[in-house]
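The values are calculated or read from the model by the stated rules, or taken from the named source; none is laboratory data. Note that the structure is a prediction, hence the values are computed from the model and not measured. Positions of Cβ are backbone-derived with ideal geometry, glycine not excepted, and every protein chain shown enters the neighbour counts. All accessible areas refer to the heavy atoms of the entire protein, side chains included, with ligands and DNA or RNA removed. Shrake-Rupley method; radii C 1.70, N 1.55, O 1.52, S 1.80 Å.
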Amino acid sequence: MAHLTHTMTINIAVPQLDEIVRDPRAVSRYWAGMSEPDRVFGDGGPGTKVETNILFMGVRMHLIERTVEERHNEDGSTDWRWTMEGAMDGWLSCHHEPRGESTETTTEFDYTLPGSVLGKVADRLLVEKRMRRDFENSLENLKLLAETSVASAAAVT
């Protein structure tokens, strides 16, 4: 199982960021290669199940994502956790920490791809490098989506 971690600051408040990550239909707007969900069961909170596809290295793979944790802490921070199964098994977790008007977010991603895509050495050199790039790009896309959503809302009011 590979483990990725990324910390960054997003220039919106925790509740606004939580609205975006809670929406299972919004993920395809920022996650690299993710398609619109085929089916969504639930409102994005714990117990929600999403059937979707992801395009990775030219291969379309089916995924089932489940929201397993949404915790709002006394200090204003939140913790989220999702599991994935299908073409890729693993989990994704986020911790959103208030930093004034901004949010420091730490995201962790553990995943396993079935079998060996190209052989163990090639997997390590190629697949893991590509997965890290897509993971970091997805989080930068989330930052852009969140910050432009807030700017758009402010311009309307």
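Of interest is the spacing of the C-alpha centroids, which for region 59-84 and region 41-55 amounts to 10 Å. At an R0 of 22 angstrom, the distance between the Cβ atoms of T83 and R132 translates into a FRET efficiency of 0.65.
The apolar share of the surface of the chain, taken as the fraction of accessible area on carbon and sulfur atoms (1.4 Å probe, ligands and nucleic acids excluded), comes to 53 percent.
Pairs of C-alpha atoms in the chain farther apart than 24 Å represent 34 percent of all such pairs. Each stretch of four or more DSSP H residues adds -39500 (n - 2.57); spread over every residue of the chain, this sum gives -8500 deg cm²/dmol at 222 nm. Shown is the FRET efficiency for L125 and Q16, computed with R0 = 25 Å from the Cβ-Cβ distance and rounded to the nearest 0.05: 0.05.
Fully extending the segment from N73 to R39, taken as 0.36 nm per residue of separation minus the present Cα-Cα distance, adds 9.2 nm.
Applying both filters, DSSP loop and at most 14 other Cβ atoms within 10 Å, to the GluC sites (Glu not before Pro) of region 19-78 gives E74. Each residue of region 11-18 is assigned a 3J(HN,Hα), and the resulting list reads 7, 9, 6, 3, x, 5, 5, 4 Hz, derived from the Karplus form 6.51 cos²θ - 1.76 cosθ + 1.60 (θ = phi - 60°), x at Gly and Pro.
Between N141 and D110, what FRET efficiency follows from the Cβ-Cβ distance if R0 is 25 Å, with the result rounded to 0.05? Computed FRET efficiency for N141 and D110: 0.75. Among L144, L113, the sequence by solvent-accessible area, most first, with a 1.4 Å probe is L144, L113.
Per residue, the solvent-accessible area of the chain (1.4 Å probe, heavy atoms of protein chains only, all protein chains present) comes to 54 Å². To the nearest 10 degrees, how steep is helix 128-156 against the longest Cα principal axis of the chain, on a 0 to 90 scale? Result, in degrees: 20. For region 4-72, the Kirkwood radius over C-alpha pairs fed into Stokes-Einstein at 25 °C and 0.890 mPa s yields D = 185 µm² per second.
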